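Below: one structure, written as structure tokens.
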Amino acid sequence: MKKIYLLLLSFVAFAAQSQTPISNPDKDLIVQKCLEFQPLVDKIPVEVQAMMADYYILGNNMGSDFSQNLIVNGKKISFLNKSDLSSGKPYFDFFTLNVENDRAFVRYYFTYNNGEKTTIPITIDFVKTNSVWQVLQYTI
């Protein structure tokens, strides 16, 4: 009986490890705020914005607790590999995404090709006040 119990316990532990991680809602909100960040949107040419049926993110440097089913402004998020970049799709590259308690720091880039490759670097410090993430300061 003891062996069956240990076998069952081992199976449950293995099954728990193989499940998809639960997303971090704060991280999802921060990513959403970064994708729709108005000072960035204001710098993107209208014709490039028109090409953006979805949001493309290079790789997944954000960790396993990011929801890959996130929808922002009615657009889904798709992850690209470096080999996919030749298609000329505008994309985001999150270099740093740290969320701890009521503070968050993000460093990311938006790259597009409108006759010439352009990369816009963005750094944002967020603070969470009364359960709402707000931009504390940013550079673009």
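The values are calculated or read from the model by the stated rules, or taken from the named source; none is laboratory data. These numbers were taken from a predicted model, which means no experiment stands behind them. Cβ sites come from the backbone with ideal geometry, for glycine too, and all protein chains shown count toward neighbours.
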Inspect all residues belonging to the stretch 56-68 and state whether any of them is of a type outside the set (A, V, I, L, M, F, W, C) and at pLDDT 85 or above. yes
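Taking the stretch 71-124 on its own, how many of its residues are small (Gly, Ala, Ser) and in a strand (DSSP E or B)? Step through it out loud before you land on a result.
So in the stretch 71-124, the residues small (Gly, Ala, Ser) come out as 74, 78, 83, 86-88, 104, 115.
Of the ones still in play, those that are also in a strand (DSSP E or B) are 78, 104.
Residues meeting the conditions: 2.
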Write out, first by first residue and then by second, each pair whose Cβ atoms fall under 8 Å of each other, whose residues are 6+ apart or on separate chains, and whose first residue, in the stretch 64-92, is farther than 19 Å from Glu47 by Cβ and among the aromatic types (Phe, Trp, Tyr) while the second is part of a loop (DSSP other than H, G, I, E, B) and at pLDDT below 80. Phe66/Ser23; Phe66/Asn24; Phe66/Asn60; Phe79/Gly59; Phe79/Asn60; Phe79/Gln68
Of the residues that make up the stretch 114-136, is at least one at pLDDT below 90 and touching a helix residue (DSSP H, G or I) at 6+ places or on another chain (Cβ under 6 Å)? yes
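Take the stretch 114-127 and flag every residue that is of a type outside the set (A, V, I, L, M) and buried (at least 17 other Cβ atoms within 10 Å of the Cβ). Step through it out loud before you land on a result.
Taking the stretch 114-127 and keeping what is of a type outside the set (A, V, I, L, M), we get 114-119, 121, 123, 125-126.
Phe126, the sole residue that qualifies.
So which of Asp102, Asp93 is modelled with pLDDT of 90 or more, farther than 12 Å from Met52 by Cβ and surrounded by 17 or more Cβ atoms within 10 Å (Cβ to Cβ)? Break it down stepwise before answering.
Numbers: Asp102 fails: surrounded by 17 or more Cβ atoms within 10 Å (Cβ to Cβ).
When all the criteria are applied, what remains is Asp93.
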Just one of Ile44, Ile22, Ile71, Ile4 is of a type in the set (Val, Ile, Thr) and modelled with pLDDT of 75 or more; which is it? Ile44
